[in-house]
Amino acid sequence: MSGFTDRAEAALADPILKIAVERTAGTAEAKRGIAIDAFPDFEAARSRAAAIKDHVIAHLGAYLEQFEANAIAAGAKVHWARTADEACAIVIAICKAEGAKSVARSKSMLGEEIGLPHALAEAGIGRVETDLAEHIIQLADERPSHIIWPAMHKTRDQVSALFKAKHRSPHQEETIAAMAESARRELRTQMLNADVGMSGANFLIADSGAVCTVTNEGNAELSLVPPRVHIVTAGIEKIVPSMPHAIHMLRMLARSATGAALTQYTTFYTGPKRAGDRDGPDAMHIVLVDNGRTKMREEGLAEMLRCIRCGACMNHCVVFRQIGGHAYGGTYPGPMGAVLTPVLDGLAPNRDLIHACTLNGKCQEVCPVRIPLPTLLKGWRDKSWREGLEPTSMRAGLGLWAWIATRPSLYRPVTTIAMRVMRLLGKKGWIASLPLAGGWTRHRDMPRPAAQTFMTQYKKARRP
Amino acid sequence: MSARDAILARLKGPSPDQAEADALLVAPERPAVNEATLEAEFLARLALPSVNASHDVVGSMADLPTAIARYLAGQGEALTLCLPPDPRLTACDWGGFTLHDSAAPDEAAVLAIARRGIAETGSLIFETGPTAPMLPNFLALHHIVLLAVRDIAPHLENAPLTGPQPRAHYWVTGVSGTTDIEGAYVRGAHGPRFLHVILLRN
Ligand code: SF4
């Protein structure tokens with residue numbers, strides 16, 4: 001069995017995980033629904049958001065150059081990285097040049113994507129994750145399981161045990177508020193004493209050179225203002241032309257992610273500390289990271305570059321809600337992860353991941369930038385078929401089915417016999433176990449087929 | 001070839017047309033705001049559970065210290081305040097208060113002046129500058145904000161976005177909150193647990 005199948009099996013067998021995923025994703029789904037109902041013409045707003053991103057992607061080179069010029073004019077240093085390794089090398093070189101021993105990091109999926117935590121550890125630079133969920137994940141030495149709620153798979157008891165084992169002055173009371181307070185105490189001094197603050201970017205503003213971060217905890221600002229250096233790692237697709245464009249995207253992002261009108265803290269940083277400023281870093285570095293994005297633009301995945309990492313597609317995905325995020329195996333879970341992971345980690349090892357989708361279209365319906373996720377997944381499936389990555393049994397099975405299906409005089413008696421056999425296996429309308437298809441029925445029942453095939457019923461109904 | 005040149009070479013294309021970029025912003029979909037009742041709309045959004053701010057109203061700057069003393073007493077806090085070196089604030093009579101102009105790691109309360117209040121979301125818009133440090137507003141438990149009624153504007157697009165930009169613009173729409181442990185909402189995750197807005201009428 002491959003990695004994904006194993007992980008999905010393990011996830012399906014974990015009842016606590018199912019409750020945790022359902023609680024977070026279900027609440028997010030409900031809150032988004034309320035926010036969207038209250039918003040005037042969200043459908044038009046989605047089209048506008050998609051058009052803004054498409055405009056940027058069509059002119060990406062020019063907007064990146066404009067951003068670079070404005071960021072430099074504001075005093076920032078701009079770096080470019082083709083790959084994850086190049087990006088990490090740039091970040092580590094800056095840290096070393098600054099003599100940095102400690103880094104306070106505000107949650108960034110791009111940072112996870114390029115393996116920044118690992119690169120910092122290898123370089124012997126201390127890292128403190130300041131988003132509460134990322135802090136939990138760091139203490140547990142695990143990977144995020146959701147792009148908005150990275151620790152959604154952890155129970156309060158697990159968090160309590162972690163904090164008691166690792167915090168200097170842990171909570172005494174077994175309440176979630178007391179646990180959060182313990183993290184506040186633990187993290188505050190580390191943020192104030194870090195040499196470098198690190199963040200991603202939710203948006204890069206081309207006409208001002210500003211970098212926008214959004215958080216509900218305010219941890220980005222506490223991580224990025226006190227240290228003497230601020231390093232941003234951002235995907236090149238994060239550009240928007242101007243602040244009003246960013247405002248439209250922010251309205252879409254907050255509602256789609258958490259159902260809020262706006263995140264609690266939205267900050268635009270334009271260069272380092274100015275003359276007379278009482279706080280802020282002495283230096284600001286922005287690393288613009290490609291890592292497969294230009295390739296996506298060239299090879300039919302440009303629409304995926306619209307993604308604003310809101311998490312709505314996974315919150316509404318029937319597969320994600322059964323297996324959670326870790327089963328996907330890559331940095332990004334859910335439907336967007338199923339499209340992105342083959343770009344980042346290769347198609348061959350992720351062949352079964354691209355099939356982990358019912359193509360029900362729910363993700364596309366809720367995506368604030370109208371990414372046709374099922375179509376993009378189907379594109380991967382086609383590629384996998386064309387490149388001969390599908391297993392021989394699957395190719396032979398489909399070949400046989402195609403051969404029979406194109407011969408109606410054979411297809412009809414075969415399906416009639418198959419249905420009769422399946423009806424014998426079913427009880428009270430459901431089949432609990434299906435020989436040769438155990439994978440289907442191991443975690444769910446299959447509906448018992450109707451007594452007659454569609455064609456038989458159709459012919460009967462037409463008979464006068 | 002440098003990484004920059006290699007990336008840009010693959011992204012070559014026509015320069016963006018400003019008119020096309022502007023056209024994407026015509027009549028944006030956004031929550032309606034009645035400009036005739038701007039202050040009431042702003043206060044209604046401030047009171048939403050997602051923003052969860054309290055408010056008070058003063059008629060003039062001379063009344064500000066009394067309003068802050070009233071708030072701190074109500075919260076059971078001492079009259080200790082981190083006050084930024086803004087002459088509009090330092091000119092007030094702070095008799096009875098212990099003041100300091102930089103925040104301690106466990107600062108109880110900070111006062112700051114917002115450049116705008118946004119009725120659409122209940123957001124407060126701040127800018128950094130020599131008299132407006134940023135860090136205290138994220139460290140203190142009580143974030144107290146002075147906002148002139150005339151600075152309330154309908155939409156986020158009315159934030160001061162044109163002209164010379166400060167090092168940082170930051171928009172505050174509530175307190176530091178988290179739902180990271182079992183989805184339970186906790187206030188004061190890292191920064192302020194309370195947000196109190198004082199509207200200045202004059
Ligand atoms: S694909 Fe769409 S719904 Fe999913 S995270 Fe990206 S923007 Fe959000």
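Values in this text are rule-based calculations from the coordinates and carry no lab data. Treat the numbers as computed from the prediction; the structure is a model and nothing was measured. Glycine gets a Cβ as well: all are built from the backbone with ideal geometry, and neighbour counts include every protein chain shown.
What the table shows:
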quantity	calculated
Charged-residue dipole, Cβ positions (Lys, Arg, Asp, Glu), the protein assembly as shown about Cα centre, Debye nearest 20	3280
Inter-centroid distance (Cα atoms) of segment B:114-133 relative to segment A:201-215, Å	17
Gaussian network model of chain B, springs between alpha carbon atoms under 10 Å - residue of B:Tyr71, B:Tyr185, B:Tyr170 with greatest fluctuation	B:Tyr185
Chain B pair-distance distribution - Cα-Cα, 10 Å bins, rounded %	8, 30, 31, 16, 10, 4, 1
Efficiency of FRET between B:Ala184 and B:Val149 - r from beta-carbon atoms, R0 25 angstrom, step 0.05	0.10
Those aspartates and glutamates that a straight Cα-Cα span of less than 20 Å connects to A:Lys383, excepting residues fewer than 8 apart in one chain	A:Glu298, A:Glu299, A:Glu303, A:Asp345, A:Asp352
Label point distance in nm, A:Asp345-A:Lys428, each placed 7 Å from Cα along Cα→Cβ	3.9
Cα centroid separation - segment A:259-330 against segment A:66-81, whole Å	19
Max mean-square fluctuation residue, GNM over chain B, Cα-Cα springs under 10 Å, options B:Ala153, B:Ala36, B:Ala119	B:Ala36
Spatially proximal lysines relative to A:Lys154 (Cα-Cα < 17 Å; intrachain offsets below 8 disregarded)	A:Lys18, A:Lys164, A:Lys166
R0 of 51 Å, Cβ-Cβ distance A:Ser409-A:Thr441: FRET efficiency to nearest 0.05	0.95
Cα-based reach from A:Lys273 at 16 Å (exclusive), listing aspartates and glutamates while leaving out same-chain residues under 8 positions away	A:Asp195, A:Glu221, A:Asp282, B:Glu127
Exposed-site-free run, longest, chain A (rule: GluC sites (Glu not before Pro); DSSP loop; at most 11 other C-beta within 10 Å)	A:175-386
For B:Ala109, distant residues with modelled amide H under 5 Å away	B:Cys82, B:Leu141, B:His142
Greater than 23 Å apart at Cα, pairs in A:Lys96/B:Lys12; A:Lys107/A:Lys238; A:Lys378/A:Lys427	A:Lys96/B:Lys12; A:Lys378/A:Lys427
Spin-label pair A:Lys18/A:Ala177, simplified geometry with 7 Å Cα→Cβ offset, distance in nm	3.4
